[in-house]
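Read through the structure below, which is laid out as structure tokens, and then see the notes.
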Amino acid sequence: MTVLLLAGTGEARGLAPRLAGRAIASLAGATRTPADLELPTRVGGFGGVAGLCAYIAETGITRIIDATHPFAAQMTDHAAQAARATGTPLLILRRPGWRAGPGDRWHWVDDLGRVGALTGPDATLFLATGRQSLAAFSALPNQLWCRVIDPPGGPFPGRGGWIEGRPPFSVADEIALFQRLGIDWLVTKNSGGEAPVSKLVAARDLGLPVVIQRRPPLPPGITRVRTPEEALAWLDPA
């Protein structure tokens, strides 16, 4: 068995060492210094569905585990198409999404283009949506602060700037950051997981409203699990 692990999440990092000797990991290359997965790792795109099909055939892949980010919709769609075309079993590993609790002031959207209408032009926004989402906010007059792991080169496209950091962040640190920047709204995606949740707790403690983008739908007919342990059970059923 040779497994292709489409990585990029904490779940992938937790699963990868347990696949030693029978898996190849793949990263999109969005982060300049990714964590070591303890597996042979390729970086970069496959060249669409056709390229992924060719890679599966050339390397003798017999199983695929998609443990990419919940918003890496294109990679997930390509993996589903390539799995069907090559007859390769595919598993999607996705952590549960977040759910609002008492005191949360969440506003759900499907499209980040709706943020301006919700927040108004004078609000200062903290964007925890990744640098690839910044185009959705380029026309807004708001003061914007965008947190990224690796700031891109060149000036910030708008009013505001980059906040560089790699999770996890403590709730106290998030509160101090939001207060220092004068944040009025938090904007994020429903990525789920424990590490990023501190920003949501900080927003609740400060009484800040939050815009949260819903996850894109997953391809139909694909087995899905929530934990690395469930993924291992899929690979090696009792």
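The values are calculated or read from the model by the stated rules, or taken from the named source; none is laboratory data. What you see is a predicted model; the values in this text were computed from it and never measured. A quick note on method: Cβ atoms are made from the backbone with ideal geometry, for glycine too, and the neighbour counts reach across all protein chains shown. In case anyone asks, the SASA skips ligands and DNA or RNA and just uses the protein heavy atoms, side chains included. Shrake-Rupley method; radii C 1.70, N 1.55, O 1.52, S 1.80 Å.
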The chain, Gaussian network, Cα under 10 Å: of Thr223, Thr76, Thr129, the residue fluctuating most is Thr223
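What number, in nm² with one decimal, is the all-direction average of the projected area of the convex hull of the alpha-carbon atoms of region 125-238?
Taking a quarter of the hull surface, the average projection is 9.5 nm².
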For Glu194 and Asp111, what is the calculated FRET efficiency with R₀ set at 30 Å and r taken between the beta-carbons, to the nearest 0.05? 0.65
Choice from Ala20, Ala203, Ala82 showing the highest fluctuation, given a GNM over the chain with Cα pairs closer than 10 Å: Ala20
For region 59-68, Karplus-derived ³J(HN,Hα) couplings (6.51, -1.76, 1.60; θ = phi - 60°; whole Hz; x for glycine and proline) come out as 9, x, 5, 10, 9, 10, 10, 8, 10, 7
Using every pair of alpha-carbon atoms in region 1-100, split the distances into 10 Å bins beginning at 0 and state the percent of pairs per bin, rounded to integers. 16, 52, 28, 3, 0
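So if we plug the beta-carbon distance of Ser170 and Ala20 into 1/(1 + (r/R0)^6) with R0 = 30 Å, what FRET efficiency do we get, rounded to 0.05?
Working: r = 32 Å, r/R0 = 1.08.
Result of the calculation: an efficiency of 0.40.
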Extended-chain gain in nm, criterion 0.36 nm per residue less alpha-carbon gap, Ile149 and Leu118: 8.5 nm
Expected unfolding gain across Ala139-Val49 under the 0.36 nm per residue rule, minus the alpha-carbon gap, is 29.1 nm
Can you list, bin by bin at 5 Å, the percent of alpha carbon pairs in the chain, starting at 0? 1, 6, 13, 16, 17, 15, 12, 9, 6, 3, 1, 0
Counting other Cβ atoms within 10 Å, keep those with at most 14, restrict to DSSP loop, and tell me which GluC sites (Glu not before Pro) in region 105-197 are left. Glu194
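R0 = 41 Å: FRET efficiency of Thr41 with Asp205, Cβ-based, nearest 0.05? Walk me through the numbers before you get to the answer.
Numbers: r = 39 Å, r/R0 = 0.94.
According to the calculation, E is roughly 0.60.
Once neighbouring chains are kept in place and the probe is 1.4 Å, which whole percent of the accessible area of the chain is contributed by carbon and sulfur? Intermediate results must be reported in sequence, preceding the final value.
Details: 5940 of 11400 Å².
Ligands and nucleic acids excluded, carbon and sulfur reach 52 percent.
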Can you tell me the accessible area per residue over the chain, all protein chains present, probe 1.4 angstrom, in square angstrom? 48 Å²
